[in-house]
Structure formats: structure tokens, C-alpha cells
Amino acid sequence: MSVPRRKPLLQWEPLPYLVVLVLLIATGGVRPDSPPWLFWPFIVLLVAALAWLIAGLVSGRRRGNPDRWGDLLTLHGIELVDAPHLERAVRRVAPVADTHRHQSAIDLALLHGGADQEAVLVPRASRWLSRRYRIGVQLIGGGTPRHAGFLGDAVDATWRELLDGLATGGRYVKVPARITGDSRPHGVELDLGGLEVLANGR
């Protein structure tokens with residue numbers, strides 16, 4: 001069974017807000033003097049949409065680990081699987097995408113863990129307002145996860161099935177990482193050679 005590429009529409013965080021907004025706009029045309037067959041079903045629909053919105057806000061506070069955007073809150077309670085560096089003539093290094101959006105988090109990881117540290121790969125991560133699933137990169141220098149970006153599309157396609165299968169069982173892969181650049185903007189490079197060993201050992 002293929003790994004899903006997008007969140008189901010009903011799990012997309014902005015959807016309840018959009019539904020409520022559309023219904024509130026529609027109240028301009030549906031008034032108490034409208035026919036009962038139109039007015040009362042509309043009121044029931046509006047109340048149901050508001051309840052859906054409130055339920056989403058309440059459940060959003062009960063955040064899992066990873067949370068619904070794929071961010072790790074802590075390393076406690078999850079199983080980490082090592083994909084260590086492999087000595088080889090050509091290193092399999094992958095740059096992390098979207099690092100320009102996470103410079104503050106990368107600065108903290110650099111401060112607490114140095115340039116050479118490790119990163120945890122989290123499948124089914126996403127950006128706010130996006131339904132697209134990506135593989136998130138969490139730097140763990142100093143023992144605290146910090147979101148650094150996502151794997152690039154080509155690398156994501158290569159390792160999506162392996163990482164998603166492990167994460168379904170509560171296991172997340174840890175790979176060597178290097179923060180590049182003496183000053184902002186920093187980049188992040190991952191050594192993914194050890195993923196081949198995990199893939200062959202499945």
C-alpha cells in the first residue's frame with residue numbers, strides 16, 4: 001500500500017474555519033423569515049460547523065508527539081533508530097530544504113550541539129496551511145528537537161516508504177547532520193548513507 005502524499009481533506013486544519021466562514025457569509029441570504037425547510041437545516045449545519053471548529057481547537061491543545069504537523073516536542077517516549085555514517089568513497093549527503101524559514105531554530109541547535117550533530121527524520125510532516133506530507137528534519141543537538149526544514153522532493157521520494165513504515169511502528173530514524181555556514185543563512189546537510197543499511201535489513 002502506497003504512502004499517502006497529502007493529508008485527508010477532513011484532517012486539514014484550515015477546513016473548519018473555511019466552512020464556518022462560508023456559512024456565516026451565507027447568513028446574509030438565509031434569514032428567520034426564510035422558508036422553514038431552508039432556515040432550520042441551515043441553522044443545524046451552522047451549529048454543527050461551529051461544534052466541529054471548537055472540537056478541533058480543543059483537540060489541538062492535546063498535542064501528540066510528533067504533533068499533527070510532524071514536529072517533535074521531545075525525544076522522550078519515542079524509539080530512535082540509528083542510521084550511522086558509512087565510510088565510502090562518495091558520501092551520500094542531502095541538503096535540507098526550507099532552512100531559510102527555520103534559521104532561529106538552527107541557531108539554537110548550533111549553539112547547544114555544535115556544527116556536527118544528529119537529526120531525526122519525521123515522515124508525514126507538513127507546513128501550516130499545506131495538505132502536502134513531507135519528511136521533516138529535527139536537529140537534536142543538546143537533546144532538544146528543533147525543526148530545521150524538510151527533505152528535498154527527490155530524497156523524500158526515495159526514503160518515504162522506509163521512514164513511514166518505521167514511524168507507523170513508533171520508530172524514527174536518526175542520521176548524522178552538519179550545520180553549514182559561519183553565519184546566517186545556515187544550511188543543513190544530512191548523511192543518509194546509513195538508510196541503505198536499514199532498507200536492506202527490513
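The values are calculated or read from the model by the stated rules, or taken from the named source; none is laboratory data. Please read these numbers as outputs of a predicted model, since none were measured by experiment. Here Cβ is always computed from backbone atoms with ideal geometry, including for glycine, and neighbour counts include all displayed protein chains.
Some points to look at:
- G28 meets each of the listed conditions (1) under 24 Å from V137 (Cβ atoms); (2) outside the structural domain of G141 (by TED's automatic domain parsing); (3) not aromatic (F, W, Y) apart from (1).
- Single match in G187, G149, G170 (criterion: in the same structural domain as R92 (by TED's automatic domain parsing), under 13 Å from V81 (Cα atoms) and touching a residue at least 24 places away in the same chain (Cβ under 8 Å)): G170
- All positions within the stretch 142-157 that are in a helix (DSSP H, G or I) and out of contact with any strand residue (DSSP E or B) (no Cβ under 7 Å at 6 or more places or on another chain): G142, G143, D153, A154, A157
- Breaking point among (1) among the basic types (K, R); (2) within 15 Å of A177 (Cβ to Cβ); (3) not assigned by TED's automatic domain parsing to the domain that holds I179, for R68: (2)
- Qualifying residues in the stretch 158-196 (those that are in a helix (DSSP H, G or I) and hydroxyl-bearing (S, T, Y)) - the one surrounded by the fewest Cβ atoms within 10 Å (Cβ to Cβ): T168
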